[in-house]
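Asks: After the structure tokens below, expect a handful of questions from me.
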Amino acid sequence: MADTERRLLSVLVGQLSAQSRPLAAWKGDRRPCAPRASMRSYATPAGGSVGSRDADIDFTFTDPITVRAALDALARVGWSMDVSLGGLSYMIDDADGMCEWYRSSPAEAGEVLARLDAPGNLPYSVAIDVYHPEAGTGGMLLFVPGRTEVSFVPTIDRRRIPAASEFTDLAWYLNALVPAFVGTGLEGYEAKEIKY
């Protein structure tokens, strides 16, 4: 994102916050939602992109998991909601199949989680950007309807295998994510990377 766009976004968020607007102070990208489809053209509001390769880890849980429970588990191993551009980035698929990306202030984290976990949003996919500050990487957590499947897509400063830099270091992400989910009913996972 260019400096001009960042300044504009900062001004818009500041203006909307000053007006005491609740959630969705910034509504950004709106595009048809195909959560399980190819993510190669996906870019988060934080500027991450998966490019010409799809890499993701699909987690399966024995029971539905809330966004809050997943983030609480991840926080215990060093992850947090991404605030790299001064706000939380999250997405809600709506009834017409369009993904709505929003940005809210970090102070509204509780409200964001309540909105993502609201019963009215259970039939829809939701997502939130997460970040591991110590490792300097992050991505999108995508919760599909039913909430027994969650995908992680490394979109923020993706870690690469040093001796094969065209590939994502999925082993690092597995080591950083799986232990957090073991106590939350994790049934299994599938990690994959495909070149297009």
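The values are calculated or read from the model by the stated rules, or taken from the named source; none is laboratory data. Predicted model, so just to flag it, every value in this text is computed and none were measured. Because the Cβ atoms are built from the backbone with ideal geometry, glycine has one as well, and the counts that use them run over all protein chains shown.
Asks: Please verify whether TYR124 is hydroxyl-bearing (Ser, Thr, Tyr) and more than 16 Å from ILE65 (Cα to Cα), treating the condition exactly as stated.
Replies: Against the criterion (hydroxyl-bearing (Ser, Thr, Tyr) and more than 16 Å from ILE65 (Cα to Cα)), TYR124 does not qualify.
Asks: For the condition in contact (Cβ under 8 Å) with a residue 24 or more places away in the chain, small (Gly, Ala, Ser), within 29 Å of THR62 (Cβ to Cβ) and outside any strand (DSSP E or B), what is the one hit in ALA127, ALA171, ALA191, ALA176?
Replies: ALA176
Asks: Under 7 Å between Cβ atoms, which residue pairs at least 6 apart in sequence (or on different chains) link something in segment 62-82 that is on the phi < 0 side of the Ramachandran plot with a partner that is polar (S, T, N, Q) and not in a loop (DSSP other than H, G, I, E, B)?
Replies: Here the result reads ASP82/SER89, each pair linking segment 62-82 to a residue that is polar (S, T, N, Q) and not in a loop (DSSP other than H, G, I, E, B).
Asks: Here's a follow-up. Do the conditions hold for ALA176, that is, is it of a type in the set (Gly, Ala, Ser) and over 24 Å from ASP54 (Cα atoms)?
Replies: no
Asks: Go through the residues of segment 134-143 one by one and say whether even a single one is under 23 Å from GLY87 (Cα atoms) and acidic (Asp, Glu).
Replies: Yes, the conditions are met somewhere in segment 134-143.
Asks: Given (1) of a type in the set (Val, Ile, Thr); (2) surrounded by fewer than 17 Cβ atoms within 10 Å (Cβ to Cβ); (3) over 22 Å from ARG68 (Cβ atoms), where does THR148 come up short, assuming only one miss?
Replies: (3)
Asks: For GLU134, are the conditions met, namely being in contact with a helix residue (DSSP H, G or I) (Cβ under 9 Å, 6 or more places away or on another chain), modelled with pLDDT under 95 and farther than 22 Å from THR62 by Cβ?
Replies: no
Asks: A follow-up question, please. Being over 14 Å from LEU122 (Cβ atoms) and among the polar types (S, T, N, Q) is the filter here; which residues of segment 142-170 pass it?
Replies: SER151, THR155, SER165, THR168, listed by residue number.
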